[in-house]
Amino acid sequence: MQPHFTGTSLITDDVATLAAFYAAVLDAEVEGSSPFARVTVPGAVLSFFTTPGMESMVPGSMAGATRGSFTLEFQVTDVDARHERLLAEGVEILKPPTTQPWGRRSVWLRDPDGNILNLYQET
């Protein structure tokens, strides 16, 4: 069987805040609570786990770990409408809606831990 990507987990010091942020941005529900929660969107699960929990499961795994060094991408229907809603909610926007040369229209934002999100639509 070919590998099938099903989701990713963000390791955080504040599971509740990060899970609530993603649930609001992605129009989804939070399942669970600290030390483990998740938000399910079509095609994948985004989960959240505590830093101490990860360290206790895999000692030494968090040594040198940083946040904000990757980008998560989610396809949405209307980037501009979502951008307006996020602005009204006070979300930090890194780059307003822009159409890229390859045809994607996207808005870039940052989550409470500093990770980058690219919300995009195909044009």
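No value in this document is a laboratory result; all are computed from the given coordinates. Quantities reported herein were computed from a predicted structural model and do not represent experimental measurements. All Cβ positions, glycine included, derive from the backbone under ideal geometry; neighbour counts span all protein chains shown.
So if a site counts as exposed when it's one of the GluC sites (Glu not before Pro), its DSSP state isn't H, G, I, E or B, and it has at most 16 other Cβ atoms within 10 Å, what's the longest stretch of the chain without one?
By the stated rule (loop sites, at most 16 other Cβ atoms within 10 Å), 30-88.
Need one number: nm distance between label points at residue 2 and residue 66, each 7 Å from Cα along Cα→Cβ, rounded to one decimal.
So the label points at residue 2 and residue 66 sit 3.5 nm apart.
Using a 10 Å cut-off around each Cβ, can you sort 10, 46, 94 from fewest to most neighbouring Cβ atoms?
In order of increasing Cβ crowding within 10 Å: 94, 10, 46.
Helix 79-88: angle to the longest alpha-carbon principal axis of the chain, degrees 0 to 90, nearest 10?
Orientation of helix 79-88: about 70 degrees from the principal axis.
Magnitude of the Cβ-charge dipole of the chain, K/R +1 and D/E -1, about the Cα centre, nearest 20 debye?
That gives a dipole near 300 debye.
Taking the simple approach of a point 7 Å from Cα along Cα-to-Cβ for both residue 44 and residue 102, what is their distance in nm?
1.5
Using +1 at the Cβ of each Lys and Arg and -1 at the Cβ of each Asp and Glu in the chain, identify which of 70, 12, 43 lies farthest towards the dipole's positive end.
After comparing all options, I get 70.
Taking 7 Å along the Cα-to-C-beta vector as the label spot, tell me the residue 57-residue 89 distance in nanometres, rounded to one decimal.
Going from the residue 57 label point to the residue 89 one covers 2.6 nm.
Given R₀ = 35 Å, FRET efficiency for residue 29-residue 123 by Cβ-Cβ distance, to 0.05?
E between residue 29 and residue 123, to the nearest 0.05, is 0.75.
In degrees, nearest 10, range 0 to 90: what is the angle between the Cα axis of helix 15-26 and the longest Cα principal axis of the chain?
20
Could you list the chymotrypsin sites (Phe, Trp or Tyr not before Pro) in the stretch 37-82 that lie in coil according to DSSP, counting only those with at most 12 other Cβ atoms within 10 Å of their Cβ?
Details: sites: 48, 49, 70, 74; in loops: 70.
Taking the stretch 37-82 and a limit of 12 other Cβ atoms within 10 Å, the loop chymotrypsin sites (Phe, Trp or Tyr not before Pro) found are 70.
Which of the listed residues, 83, 23, 96, is farthest toward the dipole's positive end in the chain, when Lys, Arg count +1 and Asp, Glu count -1 at the beta-carbon?
96
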